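All remarks here apply to the structure that follows.
We did not get these values from a lab; they are worked out from the coordinates using the rules stated. Here the structure is a predicted model, which means the values were calculated and not measured. Here Cβ is always computed from backbone atoms with ideal geometry, including for glycine, and neighbour counts include all displayed protein chains.
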Amino acid sequence: MSYSPQHKEQSRQRILQAAALLFCSKGFDRVTLSQIMKQANMTHGAFYAHFSGKSSLYEAALKFATAKSFWARSEKDSEAKDTHLKALITRYLSWSRPDTNKPSPLEFLVTDAAHKDEKVRQTYQDCFENLVTRLATILAKRGTDNPQSLAEETVVSLVGTVSVARSITDPLREEFVKRAQARILQRLNQEFSLTGKPLTR
C-alpha cells in the first residue's frame, strides 16, 4: 500500500514527538524503539520507513525538541525585554518539577554527553550549543560585552539547577529553585548594570 507524502510526514512527526518526550525524560539508553513506537501509537515495523536506527532518531528528535521549544521562539523577539528574560529563566526552571510533561533535553541527558556513540555525544553537544547561541542572541540585544560567555554561564546554571532539583523533594526543591533563580538573575543584572541597563524589579 502506497501512502501520500503528507501521510508519511505526519507519521514521521508522530515518531519525533514520541521520541523527543521519551529521550528527554529517560536518556538514550533507557528508551527502546518499541517504547517509542508504542508512545506514537504506531507499529514497530513502521519505524524503518522513516529512520535508519535509534541514533539517527535521537539526533532528529533532539533537533525537533529544540526547534519547538519556547527558547527558539524567543530568539525571534525584536527586543530583549526585562519581563521576557525573566520569563525565560522562570519557564526553564519550571522543568524542575517532576510532573512536567515537556522536559528539556539538556539536564535529563547529561549522561548522554559522554556516551560511547559518537552521534549521541555530538547531538547532545549540538543541542547545548544551540541553546547557548539562542540565549546569546537575546543577551546581545542588551548590549552586554560578552554575550556568548554569559549565555554559556547561564545555561550551565539552568541545566545544573534543574538536574539537581529533580532529585530532591518539596519543600526543599521549591526553595532550592527559588534561590538558584535569584542567583541567576542577580548575575545577569550585574552584567546589565555595566551597560546602564539593569533589570527592572
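Semi-axes of the equivalent ellipsoid of the stretch 5-52: what are they in whole Å, largest first, if each equals the square root of 5 times a C-alpha gyration tensor eigenvalue?
So the three semi-axes of the stretch 5-52 are 18, 11, 9 Å.
If Lys and Arg each add +1 and Asp and Glu each add -1, what is the summed charge of the other residues whose beta carbon sits under 12 Å from the beta carbon of L16?
Around L16, the charge tally is +2.
What does the charge add up to near T66, with Lys and Arg as +1, Asp and Glu as -1, over the other residues with Cβ less than 10 Å from its Cβ?
Around T66, the charge tally is +2.
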